[in-house]
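What follows is a short report on a single structure.
Just so it is clear, none of the values below were taken in a lab; they were calculated from the coordinates. Small disclaimer: the values here were computed from a predicted structure and weren't measured. Ideal geometry is used to build each Cβ from the backbone, glycine not excepted, and the neighbour counts take in all protein chains shown.
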Amino acid sequence: QVSLVESGGGLAPTGSSLRLSCVASGRTFSSDSMGWFRQAPGKEREAVAGISRDGVHTYYADSVKGRFTISRDNAKQTVELQMSRLEPGDTAVYYCGGKSSAYYYIGSDYDYWGPGTQVSVSS
């Protein structure tokens, strides 16, 4: 069992930056692929970024490539999402999630996730 808590969300103007952090507790997630996904009202859940369990491989949705960076520190049990050049389309609740025993998972069907943090980008 892994429990996740996200932080760092808030209201930001277009073009600014935010850093989201996800802190895990419980069993180690070092054997799990981790990622971030988001969901806006009335929209489908979207995978934003993923990272392999060893941190070597990363994935980004086309909409955020070149703007977002995902990283992880298995020793500290943390996952971060550095968001830059924010756009109104980035407005959503962002969730950190894990895929158990997966080396590198690309998708939005995570086995566990945190409660989310709201990111609102003004237009």
Checklist entry - Which distance in nm do the two modelled labels at Thr58 and Glu46 give, with both placed 7 Å along the Cα-to-Cβ direction? => result 1.9 nm
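Taking region 1-103, how much of its Cα-Cα pair set, in percent, is spaced more than 19 angstrom apart?
On the way: 2026 of 5253 pairs.
Summing the P(r) tail past 19 Å for region 1-103 gives 39 percent.
What number in nm² do you get for region 44-86 if you take the convex hull of its Cα atoms and divide its surface by four?
On the way: hull surface 14.1 nm².
Hull-based average projected area comes out at 3.5 nm².
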Checklist outcome for this item: Between the alpha carbon centres of region 1-39 and region 64-88 the gap in Å comes to 8 Å
Checklist entry - Hey, got the dipole for the chain? About the Cα centre, +1 on K and R Cβ, -1 on D and E Cβ, debye to the nearest 20? => result 160 debye
Item to check | chymotrypsin sites (Phe, Trp or Tyr not before Pro) within region 40-114, DSSP loop, no more than 12 other Cβ atoms inside 10 Å | outcome: none
Item to check | For region 75-123, projected area of the alpha-carbon convex hull averaged over all directions, nm² | outcome: 4.6 nm²
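Once the Cβ-Cβ distance between Asp73 and Ser122 is put in as r, and R0 is 30 Å, what FRET efficiency do you end up with, to the nearest 0.05?
Details: r = 31 Å, r/R0 = 1.04.
Calculated transfer efficiency: 0.45.
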